[in-house]
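Below is one structure, written out as structure tokens, with a few remarks after it.
The values are calculated or read from the model by the stated rules, or taken from the named source; none is laboratory data. Everything numeric in this text was worked out from a predicted model, so none of it was measured. Cβ coordinates were reconstructed from backbone atoms using ideal geometry, including for glycine residues, and neighbour counts include every protein chain displayed.
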Amino acid sequence: MNDPRSIRVHYLLRAVLLLGFALYIAHLSQQDALHYYVAPKLARWIRLCPVPLALMAASLGIQALFGKSSALCDCEHQLPRSLFRSTALYGLFLFPLLLGFVLPDRALGSAAAARKGISLTYIAPEEGSGERFTASNPYQEEFAGLAGRLYKQPVITVHPEIFSETFGAIDLYKEQFEGKQIKVSGFLYKGQGTDGGSFAVSRFLVQCCTADATPFGILLDPQTQISLPADTWIEVQGKLHVAQYQGKAVVQITPEHVTPILQPDTPYVYSNADSIAAWEQISGAPAEAGAK
Amino acid sequence: MTIFSPFKLLPLLIPAVFLIILGVVWLPAHPELLDNSYLHSFKTAFIGILLEALPFVLLGALLSSLLRVFVPDEWISRWIPRRPVPAILFGCLLGILFPVCECGMIPLVRRLMQKGMPLYVAVVFILSGPILNPVVYGATLTAFRTHPWLAYARMGLAFAVAAAIGFIIYATVTKSPLRLSIRRETGEPHRLSTRGGRFVSVLVHTSDEFFEMGKYLIIGCLLTSGIQSFMDHGSLEAIGGMPLGSYLFMMGLAFVLSLCSTSDAFVAATFLHTFPAGSLLAFMVLGPMLDFKNSLMLLSLFKTRFALYLFFLIFAAVFTGSVLASLWL
């Protein structure tokens, strides 16, 4: 068992670390940088965390400074006894804080996409389309409905809010979309190694946090000459085609314009529970809204 | 017993302070030193997993301290059925009441066990809680909207695996496998003498729990994000070529990726066209029950021998279950 004086030191150190975590989260939230790490639905909960953390730090501080010595006891939760163990423990907690404050926040890019393996299709190939925009099971109804609405557009704009659903709908009915005009923005992915020379306009789909980020990409026609470096944010407008890529039928764009754009405020895309409603809402707004 | 004195810290504090000053003042002026794609994806993954787990760990620690301070021991044992079959069913369904992610589970279960929850019910709760809850069911259904039966199979298999392991533990383990330090419930509660009353006492216990669990969480996050940012998924897919290899591969992947149970279905869905459905099932059932982060936390709760026994049971049950399920589906 530790003596009361060392318990006080431990409590103070812990209070400082807890405050550090609270400040780091507040800093991320203030800089609007939380979306680099977690999806918006989770970010809500993380923004609340500084409150309990600060309260915990305050009560530890009160115990350390004003607590009666007889009341300070670590018999239930043992505090580390040796200096080495304490340093290791608090060093471990200090590490994420240092990493967080020292390195700049940056979105995942081409290199991470290559390591995770970029997905050029949304669904399994055998799930292919039958008749025009009809769903073969009730779970395709959302995609079928979205595909029907997209098809009526002269130029299909892929809105970031419903990127993965739009991509899914086009992929499911790719034969019907052959030759349609499309406009999509994302970062430029350059294939390395086995798929060398391939380009794709890509986005990371994030469900919970960056650990589950899945890169999705729409292949660009290999004939097009693109001199931009990888990870440049681009907007591509062109015609949709079905192409064979490594033995699979994938959607491909033959670009007419490739324009570099600024990185959007939210670089990742998130899944949308009701993509049709979201689409109706966005397309009701001015057309430029999706280009951002 | 060594006496901990702040002066002993001085020789360590000076280099630490030097490093911190170096880190804060000098490094931002030389960003090119740190401009490395591996380091960036490491940081993004590490902070991402840590932030994702933080609300759940805090919630678990808070619930556990509230239980400790406010709920008398008899309540818990009165609620839990005495006979094993209803008790195991109770454990499986507890996840619907407490939809806590696996990271918040351990502190909560620890407190429940201290308050008299039998071991086998606790294990069933640890295993089924992160899968058998409405949030995970909804997420799985969304991810597999083209193959909804995979979501039903996931729930069914998780239930079967948790119940089977609960029975095995009920039948085979008699001695308490808890680590010693937690068993020592002192009869004399010293919480009344905590300065600031019960509210402060809850918060002090919450932070004790937070530091206790946090170290395993951070080590788990470090390992996971290290693997995520340095490992090439493509190079691993070659291992999955053998008939049962794909099952082992997907289970290994679930273990090392340590994804949250609400999001792993979306990652599994991207493997839909490369791997058999049964192996995806194994991925989605094993991951929430056993992964890097979680196994370190289980090792902190249970004695090493029992923890290893539990890991083996989980692995064997999920493997057999998912192979059988794929034959039947």
Could you tell me whether any residue of region B:139-158 is modelled with pLDDT of 80 or more and either among the basic types (K, R) or within 23 Å of B:G116 (Cβ to Cβ) (or both)? yes
Let me spell it out: the conditions are (1) within 14 Å of another protein chain (Cβ to nearest Cβ); (2) within 29 Å of B:L54 (Cα to Cα), and B:W149 meets all of them except one. Which number is the exception? (2)
State all residues of region A:64-88 that are at the interface with another protein chain (Cβ under 8 Å from one of its Cβ atoms), surrounded by 19 or more Cβ atoms within 10 Å (Cβ to Cβ) and either at pLDDT 85 or above or part of a loop (DSSP other than H, G, I, E, B) (or both); if no residue qualifies, say none. A:G67
Tell me which helices (runs of 4 or more DSSP H) are completely within region B:256-329 and hold 3 or more residues being farther than 25 Å from A:A39 by Cα, or say none if there are none. B:277-289, B:292-301, B:304-328
Does at least one position in region A:177-195 carry a residue that is within 12 Å of chain B (Cβ to nearest Cβ) and among the polar types (S, T, N, Q)? yes
Mind listing whichever residues of region B:37-64 are more than 10 Å from chain A (Cβ to nearest Cβ) and not hydrophobic (A, V, I, L, M, F, W, C)? B:G60, B:S64
Exactly one of these conditions fails for A:V269: (1) in contact with a helix residue (DSSP H, G or I) (Cβ under 6 Å, 6 or more places away or on another chain); (2) at pLDDT 80 or above; (3) under 18 Å from A:Q153 (Cα atoms). Give me its number. (3)
With respect to A:A22, is the statement that it is modelled with pLDDT of 85 or more and hydrophobic (A, V, I, L, M, F, W, C) true? yes
Kindly evaluate A:Q281 against the criterion of being in a strand (DSSP E or B) and either within 30 Å of A:D105 (Cβ to Cβ) or modelled with pLDDT of 80 or more (or both). no
Matching helices (runs of 4 or more DSSP H) fully within region B:51-164 where at least 2 residues are more than 30 Å from A:F93 (Cβ to Cβ): B:73-79, B:84-97, B:119-128, B:134-143
Give the residue that is surrounded by the fewest Cβ atoms within 10 Å (Cβ to Cβ), with candidates limited to residues of region B:58-79 that are at pLDDT 80 or above and aliphatic (A, V, I, L, M). B:L66
Please pick out the residue among A:Q223, A:Q246, A:Q252 that is out of contact with any strand residue (DSSP E or B) (no Cβ under 9 Å at 6 or more places or on another chain) and not aromatic (F, W, Y). A:Q246
Taking B:V204 as the residue in question, decide whether it is modelled with pLDDT of 80 or more, out of contact with any Gly (no Cβ under 7 Å at 6 or more places or on another chain) and closer than 28 Å to B:V71 by Cα. yes
Looking only at region A:117-133, decide whether some residue is within 30 Å of A:A26 (Cα to Cα), charged (D, E, K, R) and either at pLDDT below 75 or not in a strand (DSSP E or B) (or both). no
Scope region A:18-41; condition surrounded by 22 or more Cβ atoms within 10 Å (Cβ to Cβ) and either closer than 20 Å to B:S261 by Cα or more than 10 Å from chain B (Cβ to nearest Cβ) (or both); matching residues: A:Y37, A:V38, A:A39
Residue pairs qualifying under the 6 Å Cβ cut-off, at least six apart or on distinct chains, with the first in region A:55-80 being within 13 Å of A:S6 (Cβ to Cβ) and the second being at pLDDT 65 or above and outside any helix (DSSP H, G or I), are A:D74/A:N2; A:L79/A:N2
Starting from residues that are at pLDDT 75 or above and in contact with a Leu (Cβ under 8 Å, 6 or more places away or on another chain), keep the ones in region B:259-283 and report whichever is surrounded by the fewest Cβ atoms within 10 Å (Cβ to Cβ). B:A277
Give just the number: which of (1) surrounded by fewer than 24 Cβ atoms within 10 Å (Cβ to Cβ); (2) under 28 Å from A:N272 (Cα atoms); (3) out of contact with any Lys or Arg (no Cβ under 6 Å at 6 or more places or on another chain) does A:Q237 not satisfy? (3)
Determine whether region B:109-125 contains at least one residue that is more than 21 Å from B:S300 (Cβ to Cβ), touching a residue at least 60 places away in the same chain (Cβ under 8 Å) and under 20 Å from the mean Cα position of the chain (by Cα). no
